[in-house]
Amino acid sequence: MYTISKTFSIPAPISSLALGHASHLFAGSDDGSLRVYDLSTDKVVKAIRNLNGEVSSIICVKRSGSELRDAWVAHGSMISKFKLDSSKMIQTLEDALGTISVGETEDDLVNQVCNIPHLEFKLSLNGNKSHLAFGLDSGIIGIIDLTSGSLTKLKQKHDSICSSVQFIGDRAKELVSAGYDTSVRHIDFTKDELLSEAKMDATLAEAGVSLSPPFVVAAALSPTGVLAVGTADGRLCIFFGGEKHPSKKKSKKWGGLNREEMLALKVAEGPIVALAFSQPNVVAVNAQSGAVVTYEPRILTISTMLGVITQYELIYDSQANDGRAILKQLWQGNVTSIEKVNTILVDEKRIVVGGLEKDGKGVIEVWSWKQPKHQQEQDSLSGNGSAEQEQG
């Protein structure tokens, strides 16, 4: 079970979160500020302020020889890179290693969300760290080549707000995007070509009738290629078709938007504003080679706008004829001090939730995993606490 272990209060609403080093939490706010907390001491160790607009997204990048990560920061209609491992405690935009203006206009913001409170949507860095992707309020999807510094805006775009854009694992040329036009798109950004598309208004009809439009307001892509999509009307859609697995050969085309390998359910009464996968390693055996490998169980955490946090295990058997996809609830809890949730992040031992309090100020809740006492006693008796098992 998860229990609240820490709470941080901030002057302005929390709009983005990221984990750097294991003990460093990066938190961006609506007022153009960013704080780096050391979770081992609960102190702010670095900060950035007076940025051009809301800090809507943060990506941490490892710097050799330093525990403090560099950070790509989306703020307003700009994206900047900062070296946090500097002599300055507090930096400003002038200290950025580089800044790129990406909006069509000053009002065309990266990760700005209208009507529904700010939703989880990140900048995306591809696997070899050569390209950075972003989405805009105008629906445009952009790519920055980090080697040359060139900026490309794709012709493939959404008809409304682009709420999410993410590179697809080991497919260096491909990304998946989602938007308020109710569509999820699979794109080859090197060719500016649409490879596949799923429309939520059709896909989610299987989950029942809804009076609200199925705007895609949150999306998460696991390292193994499972795509989870949350909508404004409380639907959760899981696409299993693009999943990598030790027993499967890599296909030429990513099948992540295949409706035949999809599960759609209404799981909340309000918007699902944030999604995050967590993947503790499990030992397994490759069915073809016999080699011992690791894979990640499908653990997904979601949050509603009002702070109902639910963690699921996604169970899927591609060989079964029917009933092959199951959404198994592992845990559920409610935030205590957050009036509206804007973002979450998850690792193997905690859930971090950011948003705003009733008075409009920012707040972060850190939920830590604590094994139930009866389970600890069972593991102690059986020896499960220290044994590793190989599964055939």
Give me the distance between the Cα centres of segment 49-79 and segment 170-187, rounded to whole Å.
23 Å
What accessible area per residue comes out for segment 17-92, rounded to a whole number of Å², with a 1.4 Å probe?
38 Å²
Residues of segment 333-372: accessible area per residue with a 1.4 Å probe, Å²:
42 Å²
Rh_Kirkwood(segment 118-198) over Cα pairs, Å, one decimal, evaluates to 12.4 Å
Mind listing the long-range amide H neighbours of A218? Cut-off is under 5 Å, sequence gap 5 or more, other chains count too, H placed in the peptide plane at 1.01 Å from N.
G230
Which order do peptides 165-178, 127-140 fall in by mean Cβ count within 10 Å, highest first?
165-178, 127-140
For segment 10-96, what % of the accessible area comes from carbon and sulfur atoms, probe 1.4 Å?
46 percent
Cα gyration tensor category, rounded, prolate or oblate, for segment 1-111 with a/c compared to 1.5:
oblate
Vicinal HN-Hα couplings computed from phi for segment 153-165 (Karplus, 6.51 cos²θ - 1.76 cosθ + 1.60; Hz; Gly/Pro x):
10, 6, 6, 6, 9, 8, 7, 9, 3, 8, 8, 7, 8
Residue separation between E348 and K199 times 0.36 nm, minus their alpha-carbon distance, gives in nm 50.4 nm
Under 20 Å from the Cα of K129, which lysines turn up, not counting those fewer than eight places away in the same chain?
K62, K81, K83, K153, K173, K191
If I model a spin label at L265 and K370 as a point 7 Å from the Cα along the Cα→Cβ vector, what separation in nanometres do I get?
2.8 nm
Nonlocal amide H pairs with S77, under 5 Å, H built at 1.01 Å:
V110
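The values are calculated or read from the model by the stated rules, or taken from the named source; none is laboratory data. Small disclaimer: the values here were computed from a predicted structure and weren't measured. Using ideal geometry, Cβ is built from the backbone for each residue, glycine included, and neighbour counts are taken over all protein chains shown. Each accessible area value is taken on the protein alone, full model and side chains, heavy atoms only, with ligands, DNA and RNA left out. Shrake-Rupley method; radii C 1.70, N 1.55, O 1.52, S 1.80 Å.
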